[in-house]
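Structure record follows, encoded as structure tokens.
Any read-out appearing in this document is the output of simple, stated calculations on the displayed coordinates, not a laboratory observation. The structure displayed is predicted, hence computed values, not measured ones. Cβ placement follows ideal geometry from the backbone for every residue including glycine, while neighbour counts extend to all protein chains displayed.
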Amino acid sequence: MSAIDRRPPVPRFGHGSRVPGWDVAVDLAKPPATVPDPATTPVPDELRSEIEQAMGRYPNPRSAAIPALHAAQRHHGWLPPEAIAQVACVMALTPAYLTSVASFYDMFALRPKPRHDVYVCTNITCSLLGADEIHERMIELAGDHPDLNVCSFECLGACDIGPMASVNGEYVGPINLDDCEQIARDLDKGGPVLEHKQLRFRRCADPNANPES
């Protein structure tokens, strides 16, 4: 649950679906979706370059949809229709396709959000180790730190450092209640967050591994 929208749980229908209109047939009379016209869709040079670089890493450029959307979200702070159209224009895809991708994943925001993302893992391992209390404490801190976007997350895949969180994409853990204030302070200062607990600096089985690479 986000600290900024506090959306209630999504109710399920009697058939189990949470998506309204699942049983409505597609309207075949509607005009086909179109790719935005480059002549009328201005794309910032920096964003275009980042999207094109991502496309070049895949045999099928469509596979770059997720990194391209990440690039647009970093540029805009969230994914307004303008950002979706810009990505669609560069990738020669329809905005509807990219919206379906962006609306599926929790890391994309289709509404304005605070600048810093704090995802607290609340799946079974982290929950048993105190993540629910940590999540609640971060929600409280978000009231005094408007730049904090706090969400619970269904498993971040780092059970060995539970309870853990992802802070602007940086995995940190194991964390405790006292670390919550430190996370907020570190973000306010603009420096590394809980640097001594970052996953990248944990000892690795490979003695030649470079934590900076």
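Approximating the spin labels as points 7 Å out from Cα along Cα→Cβ, the Glu82-to-Arg202 distance works out to 4.1 nm.
Applying 0.36 nm per residue to the separation of Ser49 and Arg115 and subtracting their alpha-carbon distance, the gain on full extension is 21.5 nm.
Put simply, the C-alpha atoms of the range 45-102 give a gyration tensor, and the ellipsoid matching it has half-axes of 15, 13, 9 Å, longest first. Ordering 175-182, 26-33, 41-48 by mean Cβ neighbour count within 10 Å, with the highest value first, yields 175-182, 41-48, 26-33.
Label separation (Ala92 vs Leu128): 5.1 nm, computed from points 7 Å beyond Cα along the C-beta direction. Multiplying the residue separation of Asp106 and Ala39 by 0.36 nm and subtracting their alpha-carbon distance yields 20.9 nm. In straight-distance terms, cross-link reach from Lys197 covers every one of the lysines whose alpha-carbon lies under 29 Å from its own, apart from those fewer than eight places away in the same chain; here that gives Lys113, Lys189.
In this rough spin-label picture, where each label sits 7 Å from Cα along the Cβ direction, the Lys189-Asp144 distance is 1.7 nm.
Just so you know, the averaged projected area of the alpha carbon convex hull for the range 116-201 sits at 4.7 nm². Arranged from fewest to most other beta-carbon atoms within 10 Å of their beta carbon, Cys159, Cys151 become Cys159, Cys151. Considering every alpha-carbon pair of the range 101-164, the percent of pairs per 10 Å bin, from zero through the bin containing the longest distance, is 23, 46, 30, 2.
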